[in-house]
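Just passing along the structure, written as structure tokens.
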Amino acid sequence: MNRPVSTDEQKIDEVLSRGVTEVIVKDDLRKKLLSGERLRIKLGIDPTSPDLHLGRAVALLKMRDLQELGHQAVFIVGDFTAVIGDTSDKEAERPMLTREAVAHNEATYKEQAGKLIELSAAEFHHNSEWLGALTYAEIGEQADAFSVADFIARDNIARRLEAGKRVSLREVLYPLMQGYDSVAVRSDVELGGTDQKFNLLAGRALQEKYGQAPQNIVMGPLLEGTDGRKMSSSWGNTITFAMTPSDMYGKIMSMRDEFIVRYFELCTRVPMTDVHEIEQTLEGGALHPKDAKMRLAREIVTIYHGAAEAQSAEESWATTFSEGGVPEGAPTVEVASGATLRDVLKDVAGSMSELRRLVDARAVSEVGGRTFETIDDTITQSATIRIGKHRFLNVVVK
RNA sequence: GCGUCGGUGGCGGAGUGGUCAAUCGCAAUUGACUGUAAAUCAAUCGCCCUUGCGGCUACGCAGGUUCGAAUCCUGCCCGGCGCACCA
């Protein structure tokens, strides 16, 4: 479990550069990594949502790299912060998480994150252990490390103030809590996204206040979703760890070309020399973007599901979309002979009006067969019905 | 607490008594083109049906005025801002 700490300079430099936007303080961290000292690497996890997406993989892969260098992974489950949470979401009233919910999400997290990191060598802590025990006096003391101006200067706060939006005092407390986590676990390095910069820096400030050496910070970029916007579950542009191999493969294939190289760098462990080569051949036109993407999809699916599954996802994708076949895993319904589209598809479409529109748009057809003309068309033999590009339904006539 | 401005479709944001199911932008869906990419073009984008210049339900909530209200009035709820109160 305690592997020796590696001071391989080349590996260390890759750790400090691949998928990294900023390191604070870079020289100091580099020196520490080279010193052979075993460092404590902190990564906070949010137990509110059980589904990890590829955006999270950036920090987790970084953690993995550091683990391989022999450093100690320290995960903080934000069970306390999740409750008091930051209210930046417009959906107000964040529900109080029950202990069961936290435990459940944590278990899911471990299961999913375990694809990327060595779980058995990682520490897990709950920040309710120490945050819940703080007294008002101590909180006041900590709060003294920051000025109101610091907060107002923050981009996201400033923008909301500008726009006349409400900013809760509670949100201002958030960095204090995250910062104190670093004190509690004696963090040497904290990982996070660039959006976390302020909170990460708060850790340094508080550690100094408590007489600890301030942690170094490694910030990674925020991964774009498949459509180029910020990856967010509400946009539907995420790729989650829990997706089936085919879904994951398909999602990656429908991603914008311009992110291919970025995804290789951030979401895979393909050596950077290969990544650079892919980048160059793509630019030179020697490599078709589709082929690059297929390799990318294979690499990523392999991480989460293994090589065999990746292989069959690729084959399934090829038959479905290149040869007009049917994907595996399409839902199946049984109907009586003579059933009409309206009977069979109203639920799939969402509403009758929607189904009418789809049929009018000639979006509903039998795979390899006719295109339906009206919602009263009947189905007399088993077939696979396709709605638009992505939705399939196997219909079995009894 | 007082004053003031505001709460409209997934989001932003028009509309301020009469064809308003609600201009427009974004997002989304579908078709064409493709590599299930992007870009582009086109259509759709509350629900229901016997598809009609059809019916029903919608503009924070509840009432009211009116032939008629998202638009006016009253009360309540929620948010911003200002002032005060409390210290």
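Since every read-out is calculated from the coordinates, none of them should be taken as a lab result. What you are looking at is a predicted structure, and each value in this text was computed from that prediction instead of being measured. We place every Cβ from the backbone using ideal geometry, glycine too, and count neighbours over all the protein chains shown.
With n ≥ 4 as the cut-off for DSSP H runs, can you work out [θ] at 222 nm for chain A, using -39500 (n - 2.57) per run divided by the number of residues, rounded to the nearest 500?
Calculated at 222 nm, the ellipticity per residue is -14000 deg cm²/dmol.
For the cross-link pairs A:Lys115/A:Lys209; A:Lys110/A:Lys389; A:Lys32/A:Lys251; A:Lys110/A:Lys197; A:Lys42/A:Lys290; A:Lys26/A:Lys230, which exceed 30 Å when the distance is taken from alpha carbon to alpha carbon?
A:Lys115/A:Lys209; A:Lys110/A:Lys389; A:Lys32/A:Lys251; A:Lys42/A:Lys290
Assign unit charges at the C-beta atoms only (+1 for Lys and Arg, -1 for Asp and Glu), then state the dipole size of segment A:245-322 relative to its Cα centre in Debye, rounded to the nearest 20.
The calculation lands at about 160 debye.
Ranking A:His288, A:His53 by Cβ neighbours within 10 Å, fewest first, what do you get?
In order of increasing Cβ crowding within 10 Å: A:His288, A:His53.
Hey, what did chain A get for relative contact order, percent, Cα under 8 Å, at least 6 apart?
14 percent
Also, quick follow-up: Under unit Cβ charges (Lys, Arg +1; Asp, Glu -1), what dipole magnitude, rounded to 20 debye, does chain A have relative to its Cα centre?
Taking the Cα centre of chain A as origin, the dipole is about 400 debye.
For segment A:332-397, give the magnitude of the charge dipole about the Cα centre (Cβ charges: +1 Lys/Arg, -1 Asp/Glu; no others), in debye to the nearest 20.
260 debye
Consider a paramagnetic label point 7 Å from the Cα of A:Asp8 along Cα→Cβ; state which residues of segment A:261-299 have an amide N under 20 Å from it.
In segment A:261-299, the label zone of A:Asp8 (backbone N under 20 Å from the point 7 Å along Cα→Cβ) covers A:265-277.
For q = 0.07, 0.12, 0.13, 0.19 Å⁻¹, what log10 I(q)/I(0) does segment A:9-220 give under the Debye formula with an equal point scatterer on each alpha carbon and no solvent?
-0.21, -0.64, -0.75, -1.56
Now for a different question. With all pairs of different alpha carbon atoms counted, what Kirkwood hydrodynamic radius in Å does chain A show?
With all distinct Cα pairs of chain A included, I get 24.0 Å.
Can you tell me which of A:Val359, A:Val183, A:Val102 moves the most in a GNM of chain A? Springs connect C-alpha atoms under 10 Å apart.
Checking each option, the largest mean-square fluctuation is seen for A:Val359.
Build a GNM of chain A with springs between Cα atoms under 10 Å: which of A:Asp51, A:Asp247, A:Asp376 gets the top mean-square fluctuation?
Comparing A:Asp51, A:Asp247, A:Asp376 in the GNM, the peak value goes to A:Asp376.
Give me the distance in nm between label points sitting 7 Å out from Cα along the Cα-to-Cβ direction at A:Arg370 and A:Glu258, one decimal.
Label-label distance for A:Arg370 and A:Glu258, simple model: 4.5 nm.
What is the order of A:Lys197, A:Lys62, A:Lys293, fewest Cβ neighbours within 10 Å to most?
Arranged by neighbour count, lowest to highest, A:Lys197, A:Lys62, A:Lys293 become A:Lys197, A:Lys293, A:Lys62.
I've got another one for you. For the residues A:Arg295, A:Arg170, what sequence is obtained by ranking on other C-beta atoms within 10 Å, fewest first?
Placing the least packed residue first, the sequence is A:Arg170, A:Arg295.
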